[in-house]
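Take a look at the structure below.
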Amino acid sequence: MNDTRLLVKGLTVTLREQPFTPILKDVSFSVGRGTITGIVGGSGSGKTTLALALLGLVPPAMRVKSGEILFEGRDVLGMDAEELRRLRGARISMSFQEPSGAFDPVVTIGAHILAAMAAHNPSAGTLARQKMLDLLALVEVPDPRRVAACYPHELSGGLRQRAMLALALCARPALLVADEPTSSLDVTLQARVMALFRKLRRELGVSIVLIAHDLGMVRRLADETVILSQGRVVGADHAYAKALMAAEEM
């Protein structure tokens, strides 16, 4: 059986109005089943554009010039709108950098998750609420019933992050793309989120692409680490990679 869940081959993304200015240039990497792959880079390195591309969400101002994104052997870039709709959330899901942006402020956390569950599995029926509470418990939300009844602004940053993970996992996707999941959290909460990713990989078998700027954190968690500099993948001997490693040791 093929153990590769995601394969990115020679991905190049440019601005539409400046086609010779690459945002991503010839990016290649793979993600195995049940593994964690870290994508590390500073601001402007192209890592968020890469995360969006994995779900077929390249911004309108950009275009994919060349390359392939193969998920379980299927080319994401060749999918039509309906195929992408069925893929997102169900097979590939994403948790965004800022949890507040993932929630409607006038809808409770529980209602958000129930709506997403219904969209992917309309037959869930009367079991849906218990599954929603079980999902919140899985991502280590204390007192799931209370949190499910809360509005997003009533939760701390750490709880919103975990609630967003529950939302992203509601259809039990095969691949989770996590964009800067710890950037707004303190060191203690960062450690808890990292431990949670290990748990999700172990208990659900989900593959994870972890987008971050903290090389040290990613290297402690990921099975493989990809370093991006100015839209290109660089090796450990590159000056930028050496600078990241030096900053880690300080």
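The values are calculated or read from the model by the stated rules, or taken from the named source; none is laboratory data. Keep in mind that this is a model prediction, so the values were computed, not measured. Every residue, glycine as well, gets a Cβ built from its backbone with ideal geometry; the counts of neighbours run over all protein chains shown.
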Consider Arg172 carefully, then state whether it is on the phi < 0 side of the Ramachandran plot and among the charged types (D, E, K, R).
-> no
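Based on this model, can you work out whether Leu189 counts as more than 17 Å from the chain's Cα centre (by Cα), farther than 30 Å from Gly73 by Cβ and not assigned by TED's automatic domain parsing to the domain that holds Ile109?
yes
When you look at Thr21, is it under 17 Å from Pro173 (Cα atoms), hydroxyl-bearing (Ser, Thr, Tyr) and either surrounded by 13 or more Cβ atoms within 10 Å (Cβ to Cβ) or modelled with pLDDT under 95 (or both), yes or no? Steps first, answer last, please.
On the way: under 17 Å from Pro173 (Cα atoms): no; hydroxyl-bearing (Ser, Thr, Tyr): yes; either surrounded by 13 or more Cβ atoms within 10 Å (Cβ to Cβ) or modelled with pLDDT under 95 (or both): yes.
No.
Give the residue that is surrounded by the fewest Cβ atoms within 10 Å (Cβ to Cβ), with candidates limited to residues of the stretch 103-129 that are part of a helix (DSSP H, G or I) and of a type in the set (Val, Ile, Thr). Spell out how you get there, then give the answer.
From the stretch 103-129, those part of a helix (DSSP H, G or I) are 109-120, 122-129; that's our starting set.
Filter again for of a type in the set (Val, Ile, Thr), leaving 109, 113, 126.
On the way: Ile109: 28, Ile113: 24, Thr126: 6.
Ranking the candidates gives Thr126 first.
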In the stretch 150-160, what residues are hydroxyl-bearing (Ser, Thr, Tyr) and either under 12 Å from Met94 (Cα atoms) or touching a helix residue (DSSP H, G or I) at 6+ places or on another chain (Cβ under 8 Å) (or both)?
-> Tyr151
Out of (1) closer than 28 Å to Lys242 by Cβ; (2) over 17 Å from the mean Cα position of the chain (by Cα), what's the single condition that is false for Gly38?
-> (2)
Check on Val141, in a loop (DSSP other than H, G, I, E, B), touching a residue at least 24 places away in the same chain (Cβ under 8 Å) and buried (at least 17 other Cβ atoms within 10 Å of the Cβ) = yes
If you go through the stretch 161-176 one residue at a time, do you hit one that is free of Cβ contacts under 8 Å to residues at least 60 places away in the same chain, under 24 Å from Ala90 (Cα atoms) and surrounded by fewer than 17 Cβ atoms within 10 Å (Cβ to Cβ)?
-> yes
Just wondering, is there one or more residues in the stretch 209-217 that are in the same structural domain as Gly41 (by TED's automatic domain parsing) and over 18 Å from the mean Cα position of the chain (by Cα)?
-> yes
The stretch 219-241 - residue that is modelled with pLDDT under 90 and closer than 17 Å to Ser43 by Cα and, of those, surrounded by the fewest Cβ atoms within 10 Å (Cβ to Cβ) = Ala239
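Just to be sure I understand, how many residues within the stretch 87-102 are free of Cβ contacts under 8 Å to residues at least 12 places away in the same chain and buried (at least 17 other Cβ atoms within 10 Å of the Cβ)?
Going residue by residue through the stretch 87-102, those that are free of Cβ contacts under 8 Å to residues at least 12 places away in the same chain are 101.
Still in the list and also buried (at least 17 other Cβ atoms within 10 Å of the Cβ): none.
So the count comes out to 0.
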